[in-house]
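Below is one structure, written out as structure tokens, with a few remarks after it.
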């Protein structure tokens, strides 16, 4: 196994997700579902690391990917104007994907995963909506929010199939990669809604968001490095993770 | 007034409906005050709760237990509410039942997350039922409703559509969820397959009639009664039965063209409403709705003797004759 094999596995996984939600009209107006390859990697990580994996687990992983695709569609909705046909169908593509994940799991009676994922979606929504609340939150609370948005559904999948030992990498790595991405956007002059809120929180404490983010990124890198050194992961996977976050 | 009349019809179910109302509140309780506000906003807007009522009545034909039945009645109402929150984003609607929509009160994104939250809570709630068949019916319904909405957007302002297209659309948009409410109520109470089928068909026919009446009322009711401007469906490009029956009328054809360009004046809207109200199209649409009602009542006749048969008939007739 090398980086090419891992990348090919992710590509194949992505294709499988697309096949399960294929819809002629949505494809025409909205395009293929938006998926985050880092999240897909973590859905496949137990398989890549040689854990017992069967068709049911594989299909369950696909449904988690579908839920991500569903919520990603709704992140694309314009805050104030969603009147174009494309935006209207983007709302519906998210709802359609959501119905499909439920339909696939209902077909095989996988009620434990339906329960875990629905709880996870509700929790994720509660965090996503925080940027529209008037409350002020600390930077640590915002880090927790980013972590929940990135990892919650994968964590639930791990819980159902007994893969909790991978949660440590999941949390550290996906938070780290998201912060690196946000940092890059900030340096390019673009602030996402959550970064604008975090900037307010940093300023209220007399701190600079960029400096705080850099400190957090460095701390997360150290933590990830430490976790990887003492981990049960195959060397190729450790290398892949390290390359992704550019140690 | 109409809502009160309907509530009177199922007053003997009040204790169980109150349980459902309480459970809806509990299901929507969130750690986010914004989601709580948005959800409360929705619950307070009320609604007829006809889906839970159909679940309860259908379940009465089997081994009825409110503790069991609420596990499907609550999620069905939540799914209906969540889809309304998302529909308001799609339709850019600021008002529903005379109240500001979630998207108008906050913004589209808040509406998306609130809707997703409610959908998720609906599924979380229904997982207390382990019967695979229940989940399969509900999941299929959710996917089909969505397909119906996609078709509705594709059909907006489409000239070459016919009544068959319309029926296919309203089946998915409205009838399916009412059909599933009746079917699922019957399934969870352990009713035999033959009677599950009768209740399911009843729900389908009532659902079709319900939507046709809704589409008629969009032209015949006042702005105040509707809580939004009359004729809104057509302004948004939804060609409903009264308009399909009047499609060749030159003023209506011109109005559709103007609506598509977003150039309709208040005077033109009133003129269009006058034409539709005075035409035979309304009478013809009522006739079609009544045909569905008759089919619904035939399904009731086929059910075993039970005091709830009268209730099903009364509610079906009310739905077919309601004024707004």
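The values are calculated or read from the model by the stated rules, or taken from the named source; none is laboratory data. Fair warning: this is a prediction, and the values are worked out from it, not measured in the lab. Counting neighbours? That spans all protein chains shown, and the Cβs are built from the backbone with ideal geometry, glycine included.
Filtered by the rule that a residue be part of a helix (DSSP H, G or I) and either touching a strand residue (DSSP E or B) at 6+ places or on another chain (Cβ under 9 Å) or exposed (fewer than 14 other Cβ atoms within 10 Å of the Cβ) (or both), the stretch B:233-250 gives a lone residue, B:250. Would you be able to say whether some residue in the stretch B:93-102 is at the interface with chain A (Cβ under 8 Å from one of its Cβ atoms), surrounded by 19 or more Cβ atoms within 10 Å (Cβ to Cβ) and assigned to a helix (DSSP H, G or I)? Looking for residues that are at the interface with chain A (Cβ under 8 Å from one of its Cβ atoms), surrounded by 19 or more Cβ atoms within 10 Å (Cβ to Cβ) and assigned to a helix (DSSP H, G or I), one finds none in the stretch B:93-102, hence no.
Flag: residue B:176 does not match the condition of being within 14 Å of chain A (Cβ to nearest Cβ), within 16 Å of the chain's Cα centre (by Cα) and in contact (Cβ under 8 Å) with a residue 40 or more places away in the chain. If residue B:30 passes every condition in (1) assigned to a helix (DSSP H, G or I); (2) more than 29 Å from residue B:228 (Cα to Cα) but one, which one does it miss? All conditions pass for residue B:30, except number (1).
Taking the options B:141, B:127, name whichever one is without any contact (Cβ under 8 Å) to a residue 24 or more places away in the chain and more than 18 Å from residue A:87 (Cα to Cα). Going through B:141, B:127 in turn, the sole match is B:127. Candidates A:120, A:58: the one that is touching a helix residue (DSSP H, G or I) at 6+ places or on another chain (Cβ under 6 Å) and under 24 Å from residue B:133 (Cα atoms) is A:120. A single entry from A:181, A:197 fulfils the requirement of being within 14 Å of chain B (Cβ to nearest Cβ) and part of a helix (DSSP H, G or I): A:197. The number of residues in the stretch B:1-11 that are assigned to a helix (DSSP H, G or I) and free of Cβ contacts under 8 Å to residues at least 12 places away in the same chain comes to 4.
Under 22 Å from residue B:207 (Cα atoms), within 11 Å of chain A (Cβ to nearest Cβ) and surrounded by 18 or more Cβ atoms within 10 Å (Cβ to Cβ): does that describe residue B:116? No; evaluated as a whole, the condition is false for this residue. For the stretch B:54-83, the tally of residues that are out of contact with any helix residue (DSSP H, G or I) (no Cβ under 7 Å at 6 or more places or on another chain) and closer than 14 Å to residue B:19 by Cβ stands at 3. Among the residues making up the stretch A:78-102, those that are buried (at least 21 other Cβ atoms within 10 Å of the Cβ), at the interface with chain B (Cβ under 7 Å from one of its Cβ atoms) and assigned to a helix (DSSP H, G or I) are A:88, A:89, A:91, A:92, A:95, A:96, A:98, A:99, A:100, A:102. Exactly one residue among A:224, A:203 is over 13 Å from the mean Cα position of the chain (by Cα) and surrounded by fewer than 18 Cβ atoms within 10 Å (Cβ to Cβ), and that residue is A:203. Scanning the stretch B:189-211 for residues that are outside any helix (DSSP H, G or I) and crowded, with 21+ Cβ neighbours inside 10 Å yields a total of 2. Only one of the listed residues (B:168, B:158) is out of contact with any strand residue (DSSP E or B) (no Cβ under 7 Å at 6 or more places or on another chain), surrounded by fewer than 21 Cβ atoms within 10 Å (Cβ to Cβ), more than 8 Å from every other protein chain (Cβ to nearest Cβ) and in a helix (DSSP H, G or I). That residue is B:168.
Checked against the criterion of being within 7 Å of chain B (Cβ to nearest Cβ) and not in a loop (DSSP other than H, G, I, E, B), the stretch A:131-143 contains one or more residues that satisfy it. Can you name the residue in the stretch A:103-130 that is more than 7 Å from chain B (Cβ to nearest Cβ) and assigned to a loop (DSSP other than H, G, I, E, B) and is also nearest to the chain's Cα centre (by Cα) among such residues? Among those that are more than 7 Å from chain B (Cβ to nearest Cβ) and assigned to a loop (DSSP other than H, G, I, E, B), it is A:110. Per the conditions (1) more than 12 Å from chain A (Cβ to nearest Cβ); (2) at pLDDT 95 or above, the sole criterion not satisfied by residue B:44 is (2). When the stretch B:55-83 is filtered for residues that are within 12 Å of chain A (Cβ to nearest Cβ) and free of Cβ contacts under 8 Å to residues at least 24 places away in the same chain, nothing remains. The condition of being modelled with pLDDT of 95 or more, away from chain A (no Cβ under 12 Å) and out of contact with any strand residue (DSSP E or B) (no Cβ under 8 Å at 6 or more places or on another chain) does not hold for residue B:140. Could you identify the single residue in B:186, B:221, B:230 that is farther than 21 Å from residue A:88 by Cβ, surrounded by 23 or more Cβ atoms within 10 Å (Cβ to Cβ) and at pLDDT below 95? Exactly one residue qualifies, and that residue is B:230. When you check residue A:67 against the structure, is it in contact with a helix residue (DSSP H, G or I) (Cβ under 6 Å, 6 or more places away or on another chain), in contact (Cβ under 8 Å) with a residue 60 or more places away in the chain, within 10 Å of another protein chain (Cβ to nearest Cβ) and under 30 Å from residue A:204 (Cβ atoms), yes or no? Answer is no for this residue. Quick check on the stretch A:1-35: of everything there that is surrounded by 14 or more Cβ atoms within 10 Å (Cβ to Cβ) and out of contact with any helix residue (DSSP H, G or I) (no Cβ under 7 Å at 6 or more places or on another chain), which residue is farthest from the other protein chains (Cβ to nearest Cβ)? In this case the residue turns out to be A:18.
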